[in-house]
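The structure appears below as structure tokens.
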Amino acid sequence: KKYFEEGYADEDDYKDALDWLIITNRDQIIGEEELEKLNEILHIIIAHFRKMGLKLQEEKSIAFQNILTDKN
């Protein structure tokens with residue numbers, strides 16, 4: 001968790017962590033403590049992908065504005 005929170009993880013780390021969470025826990029009945037930990041990790045992963053999505057939208061918007069500016 002700390003690895004992700006402190007910004008050391010790259011895109012592949014996030015994807016691998018998500019795959020691991022799904023594969024490891026799909027057939028198990030987990031306790032409340034494990035569920036809380038999974039929830040915390042998932043929130044970190046979700047926040048990362050939202051941030052990346054917003055960054056991508058911003059980059060596309062800037063590129064589109066540049067195209068419009070170049071035409072004028």
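The values are calculated or read from the model by the stated rules, or taken from the named source; none is laboratory data. Fair warning: this is a prediction, and the values are worked out from it, not measured in the lab. Please note: Cβ atoms are built from the backbone with ideal geometry, for glycine as well, and neighbour counts cover all protein chains shown.
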Inset, instruction - Scan the stretch 27-72 for residues that are loosely packed, with under 10 Cβ neighbours inside 10 Å and touching a Phe, Trp or Tyr at 6+ places or on another chain (Cβ under 7 Å) and report the count. - result: 0
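Please work out if Lys1 is modelled with pLDDT under 75, of a type in the set (D, E, K, R), within 24 Å of Met52 (Cβ to Cβ) and under 15 Å from the mean Cα position of the chain (by Cα).
Numbers: modelled with pLDDT under 75: yes; of a type in the set (D, E, K, R): yes; within 24 Å of Met52 (Cβ to Cβ): yes; under 15 Å from the mean Cα position of the chain (by Cα): yes.
Yes: the conditions hold for Lys1.
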Legend entry - Members of the stretch 27-69 found to be in contact with an Asp or Glu (Cβ under 9 Å, 6 or more places away or on another chain), within 20 Å of Lys15 (Cβ to Cβ) and of a type outside the set (A, V, I, L, M), listed by number: His48
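Within the stretch 2-12, count every residue that is more than 19 Å from Asn39 (Cβ to Cβ) and surrounded by 10 or more Cβ atoms within 10 Å (Cβ to Cβ). Walk me through it before giving the result.
Residues of the stretch 2-12 that are more than 19 Å from Asn39 (Cβ to Cβ), as a first pass: 6-8, 10-12.
After this cut, where a residue has to be surrounded by 10 or more Cβ atoms within 10 Å (Cβ to Cβ) as well, the list is 11.
Residues flagged as more than 19 Å from Asn39 (Cβ to Cβ) and surrounded by 10 or more Cβ atoms within 10 Å (Cβ to Cβ) within the stretch 2-12 amount to 1.
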Inset, instruction - Please name all residue pairs, on different chains or six or more residues apart, with Cβ atoms under 7 Å, provided the first residue is in the stretch 45-72 and is modelled with pLDDT of 85 or more and the second residue is surrounded by fewer than 10 Cβ atoms within 10 Å (Cβ to Cβ). - result: none
